[in-house]
Amino acid sequence: MSDDEPWNSNAQSSTTLDKSTLEAAYDAAMNAPAPAAAGGKQDFLEAEPYWDQSTIPVNTYKNKAPFTGKIVSTKRIVGPEATGETCDIVIGHEGKMPYWEGQSYGVIPPGTNPKNGKPNSVRLYSIASSRYGDDMTGTTTTLCVRRATYWCPELKADDPAKKGVCSNYLCDSKPGDDVKLTGPSGKVMLIPEKDPNVDLIMVATGTGIAPYRSFIRRLFVEKTPFGEAYTKGTGQAWLFLGVANSDALLYDDEWQEVLKKYPDNFRLDYALSRDQKNKD
Ligand SMILES: Cc1cc2nc3c(=O)[nH]c(=O)nc-3n(C[C@H](O)[C@H](O)[C@H](O)COP(=O)(O)OP(=O)(O)OC[C@H]3O[C@@H](n4cnc5c(N)ncnc54)[C@H](O)[C@@H]3O)c2cc1C
């Protein structure tokens, strides 16, 4: 194995390492500062050149052999007056399930479907973090999940027997829980990065914000090569986010930070359907 290709597991190695050496190397790597913190730049997961989309990972893990990730955190991110509950869920993947901004993961909830007695089927969730993850180590993925509930007109209340299987499983998950993942999937919502002056119009309601959060982190929060080029250019990234009321706004603190730093490159408009008096 060549010294500069340690990731190439197909290469023949002429060196044998014992278990304790490997464990020591693993511990050193895990305790090292994240690459961004050490070098300032966030570039260890880039294609060459960074806009080349030909090496995007697709369907690394399939339904029959999913990856088992671990829940890192599950956090409610809406206020008390929001209509429904939305959670930000961070999942650890040990760097084994890389993805790009605009892709989705599949989640296979445990249990069986009572309608057919078969294991529950996969549900797709758009990825809300950049490829580096929110901790910028390249080992986590963030999902933004709305808990699906069923309002029963006869009961005039939520009917727990008809609640959504996977979204409730995810929103109830606890740090350390295992979660079966498939994917990443999707190649149609990638950022067109070749032109650093491109205008990006992003329109979302509710958890539809997820892929755009991954875009905005890549553009404005992390020092990625595309972000550096974009913030020096003339392109404008314009986010329209629709939610029911101000308590249901998602990641507003993050957008306000970006607005402060990049008023020329980022623009934000909200549509609050139940707060607005004027419906025109
Ligand atoms: C490409 C893609 C990306 C997505 N990204 C996201 C995302 O980022 N965030 C997100 O939250 N969602 C996302 N979704 C939606 C997600 O995949 C799931 O569909 C959603 O979470 C509901 O799944 P569930 O298992 O909770 O509900 P299910 O169990 O599949 O139930 C679906 C609905 O049926 C209702 N229901 C169940 N039983 C009955 C019954 N007997 N009678 C009447 N109604 C019933 C449930 O309450 C629920 O509202 C995405 C979907 C796609 C296709």
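The values are calculated or read from the model by the stated rules, or taken from the named source; none is laboratory data. The structure displayed is predicted, hence computed values, not measured ones. As a convention, Cβ positions derive from the backbone with ideal geometry for all residues, glycine included, and neighbour counts pool all protein chains shown. What goes into the accessible areas is simple: the full protein's heavy atoms, side chains included, and nothing from ligands, DNA or RNA. Shrake-Rupley method; radii C 1.70, N 1.55, O 1.52, S 1.80 Å.
Taking amide H as placed 1.01 Å from N in the peptide plane, Glu85 has its amide H under 5 Å from the amide H of Arg147, each at least 5 places away in sequence or on another chain. Using a probe of 1.4 Å on the protein chains alone, the accessible area found for Glu257 is around 90 Å². Would the stretch 67-272 count as rounded, prolate or oblate if I go by the C-alpha gyration tensor, calling it rounded below 1.5 in a/c and otherwise prolate when a/b exceeds b/c, oblate otherwise? Since a/c reaches 1.5 but b/c is at least a/b, the shape of the stretch 67-272 is classed as oblate.
Accessible area per residue for the stretch 71-184, computed on protein heavy atoms with a 1.4 Å probe, is 47 Å². Report, in listed order, any pair from Lys118/Lys180; Lys41/Lys232; Lys96/Lys194 with a Cα-Cα distance greater than 19 Å. Over 19 Å apart, Cα to Cα: Lys96/Lys194. Each residue, Phe44 and Lys118, gets one label point 7 Å from its Cα in the Cβ direction; the gap between the two is 4.1 nm. Among the protein heavy atoms, those of Val198 account for about 30 Å² of accessible surface (1.4 Å probe, every chain in place).
In this rough spin-label picture, where each label sits 7 Å from Cα along the Cβ direction, the Thr55-Thr83 distance is 4.6 nm.
Subtracting the Cα-Cα distance of Lys70 and Tyr150 from 0.36 nm times their residue separation leaves 26.0 nm of extension gain. Once each part is reduced to its C-alpha centroid, what is the distance from the stretch 158-184 to the stretch 195-236 in angstrom? Centre-to-centre (Cα) distance: 29 Å. Report the FRET efficiency, 1/(1 + (r/R0)^6), for Glu257 and Asp195, where r is their Cβ-Cβ distance and R0 is 30 Å, rounded to 0.05. Computed FRET efficiency for Glu257 and Asp195: 0.75. Summarise the accessible area of the stretch 67-272 (1.4 Å probe, protein heavy atoms) by the percent that is carbon and sulfur. Whole-percent figure for carbon plus sulfur exposure: 54.
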